[in-house]
């Protein structure tokens, strides 16, 4: 005979209701503060320059909808090459970044390694001190990387901060798994790729996001190490578009009706073009984000 158990709802007190209401209001305000700038930029990118200039302030939807700013941005001759160069840098850099981060993290998480304190200290030293921009430029020149996409890939191939995150995740893997693998004849390479990597996939997804966003947003190194415009990444192309339109808009020679019509909106369209790919990718890996960073943060 099955007994039916009736679930009784706990009555919320007045204090609990007030607490829930206040929390809801605060969270809604935070969502608005976080999402509204993105929504404003999207609306402004599709609004005519006349309305943007004459109606500053809050905008809840596009007015006098036009896609002329996007057409002007896509008409730039180097836009497609900028996207291509950025994708090449990402495709080559990310595997190198993850491999080096794994090796560095595995080394720092390993025990009984010869000269580990000294080597780990040298690694940590580079996190806080660097030679500076001029020595870095001279190194790139002397290594033959100047005016090459490798200048954007190799100098920043390893992040010590990301290696520490990887080290923490590796330390969360039970030591007994590694010892069992050693007894069965496995070496460090097999242990790293067959045991550790499958167990820290969430952390690796987060590190891929960190490295990917850093490469996508990078523009300063390209402005120093690249002299051919055809090799510039997308961020430098967008920066050139913004500067060119700002100069034309501020000059007395700005008589081109097309430029005058979209000079203000093109600023927002370039922001959308540079951030949209990252915004599209993030939802697919956001479930790993908190889990990946917090792995190993708390030990029992």
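Which order do peptides 96-104, 216-224 fall in by mean Cβ count within 10 Å, highest first?
Final packing ranking: 96-104, 216-224.
Looking only at 33, 20, 213, which one moves most when the chain is put into a Gaussian network model with springs between Cα atoms under 10 Å?
For the chain, modelled as a Gaussian network with Cα springs under 10 Å, the answer is 20.
Using the basic label-point model (7 angstrom from Cα toward the beta carbon), what is the residue 91 to residue 148 distance in nanometres?
Roughly 1.9 nm, to one decimal.
Using the C-alpha gyration tensor of the chain, what are the square roots of 5 times its eigenvalues, in whole angstrom, with the largest one first?
43, 36, 16
Please compute the length gained on full extension between residue 58 and residue 193, using 0.36 nm multiplied by the number of residues separating them and subtracting their Cα-Cα distance.
43.4 nm
If each DSSP helix of 4+ residues adds -39,500 (n - 2.57) and the sum is divided by the residues in the chain, what number results at 222 nm, nearest 500 deg cm²/dmol? Intermediate values should be presented prior to the final figure.
On the way: 14 runs with 200 residues, N = 300.
Result for the chain: -21500 deg cm²/dmol, rounded to the nearest 500.
Expressed as a whole number of Å, what is the distance separating the alpha-carbon centroids of region 29-44 and region 120-188?
Rounded to whole Å, the Cα centres lie 37 Å apart.
Give the calculated FRET efficiency between residue 186 and residue 25 to the nearest 0.05, with a Förster radius of 45 Å applied to their Cβ-Cβ distance.
0.20
What's the extension gain from residue 176 to residue 228 if we count 0.36 nm per residue and subtract their Cα-Cα distance?
Using 0.36 nm per residue and subtracting the Cα-Cα distance, I get 13.4 nm.
Here, each number is a calculation from the coordinates, and none is a lab measurement. It should be emphasised that the depicted structure is a prediction, and the values quoted were computed from it without experimental measurement. Heads up, the Cβs are rebuilt from the backbone with ideal geometry, glycines too, and the neighbour counts pull from every protein chain shown.
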